[in-house]
Amino acid sequence: MARDNRPRGRRRDILKTITVGGAIGISGLAGCVGDPDELGGGDDENFDTVQFGVLEPRTGEFSALAKEHYQGTELAIQQINDSDEYDFTIEHEEYDTQLDPATATQQAQQAVQSDGAQFISGCISSSAALAINSFAADNEVVYTPGAADISITGENCNEYVFRFETNTAQIAAVMSQWTADELGDRIVYHIADYAYGESVLNEVETRMESISDSYERVGVTRSDQGSTNFEAFISQISNVSDEADALVVGMTGSDLAIFLSQASSRGLPDEIPIVTTTGSFRAVRAGGGEGVYNTYSGVRYVPEIETGDNQAFVEAYESEYDAPPDNFSRVGYESIRMVANGIREAGSRDPTTVRESLSGMEHDTIFGPNRFRECDQQAMNPVWMGECVEPDSGELADVELLTQLSGEEAAPDCGETGCEL
């Protein structure tokens, strides 16, 4: 689904509560977009605009997450376009990836090769994001993915990919440490059978092995992405619950919400503690209802955190959308802001020039000072461990933060990522 790509006007004074400043001159395009010398330089009527393609799974199990990501993206674009400190505007179109790598690639081709996008963002599904990784390198466009599989900025990294989303290795660091300390080191896993689920399994297992000499994988079950009946898997897990200290679930979106609801109705949380990677997501808590209560989750973001300019972001987001931001809201938001900083620093809209400025550049973000580190171009995000608890009112579970790791503590060593830039 395409969105109106006209620059946004000044709609709310609240959008100016966050400083996104810097003035730049814009010049040039790269890759398949065209030759800068053919654009007419400063006389070109589009010289002061930058074109973004926003790739979202608006169709499928991640549609609620896609809406959050798009709203965060849109808010950042509005703030940049409404700021007197920028002498360029961002124009954008939205494209439906449908959770499918082939469809995502086709939509990226439409954005870049037909609609002139120099920068692309999105794809919450790791399988789709990995396809766009390759597309970005082949077409020399800067890409900021919304997916978490470690290989995106690991063995499948490339110089055009910069990720603000927290990856599975970072969230596995805090999950594994807390689980080993508080629950034990005998783990049974249930994962979604695609790139993200396998990444969770691999990263949690790697961390657990480094923490505990007695770590044991009790078993693994796998369900197809988009499954709606988990009864057989829950029975298998129940049969080995006496042998394990915890169940680690590597799923997200409606898959995880349904799994937790069915697990709760079967009484599984009474048999074994459930530790998830994304149970703290608002969409999962809303979809899972009471089934999310008394489960544990790695936490990438909650709006209550007092870091950086997060509270100004929360105020602006709530004013614009009448709802609090969630994980993918902040991913879309900072992906755009950080790329805009790179454009400012480069003094160019040429993606090849911008990527050289972005790598290692420090930014002021909702998490405080942050950067895409040079070795893999992964943002150095803090992470938390949380418990999803019954609220004092309503049905949506509250998230109580239990522990935190800094960005430096959570990130794997560069030599361990498999990325070779």
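The values are calculated or read from the model by the stated rules, or taken from the named source; none is laboratory data. Model, not experiment: these values are computed from the prediction. FYI the Cβ positions are ideal-geometry reconstructions off the backbone, even for glycines, and counts take in every protein chain you see. Side chains included, ligands, DNA and RNA excluded: accessible areas come from the protein's heavy atoms. Shrake-Rupley method; radii C 1.70, N 1.55, O 1.52, S 1.80 Å.
Things to note:
- Interchain or long-range residues, amide H under 5 Å from Q98's placed H: R58, T59
- Global form of region 297-421, assessed from the alpha-carbon gyration tensor, a/c cut-off 1.5: oblate
- For peptides 308-315, 400-407, sequence by mean Cβ density within 10 Å, most packed first: 308-315, 400-407
- Dividing the summed -39500 (n - 2.57) terms of all DSSP H runs of n ≥ 4 by the residue count of the chain sets its mean residue ellipticity at 222 nm at -11000 deg cm²/dmol.
- The chain: most fluctuating residue of A323, A169, A180 per GNM, C-alpha cutoff 10 Å: A323
- Shape category assigned to region 153-216 from the gyration tensor of Cα positions, a/c cut at 1.5: prolate
- Shape call, region 234-388: gyration tensor on alpha carbons, a/c limit 1.5: prolate
- Taking every alpha-carbon pair under 8 Å whose residues sit at least 6 apart, the chain reaches a relative contact order of 19 percent.
- Rounded to the nearest 10 degrees, the inclination of helix 253-265 to the longest alpha-carbon principal axis of the chain is 20 degrees.
- Solvent-accessible area per residue, Å², over the chain with all protein chains present [probe radius 1.4 Å]: 36
- Computed over region 293-337, Kirkwood Rh from alpha-carbon pairs, angstrom: 11.4
- Among 141-149, 282-290, 357-365, the peptide with the highest mean count of other Cβ atoms within 10 Å heads the list, and the full ranking is 141-149, 282-290, 357-365.
- Extension gain from E85 to E209, taking 0.36 nm per residue of separation minus the Cα-Cα distance: 39.7 nm
- Highest average first, the peptides 91-97, 299-305 ordered by how many other beta carbon atoms sit within 10 Å of their residues are 91-97, 299-305.
- Percent accessible area from carbon and sulfur atoms, region 354-421, protein chains only, probe 1.4 Å: 36
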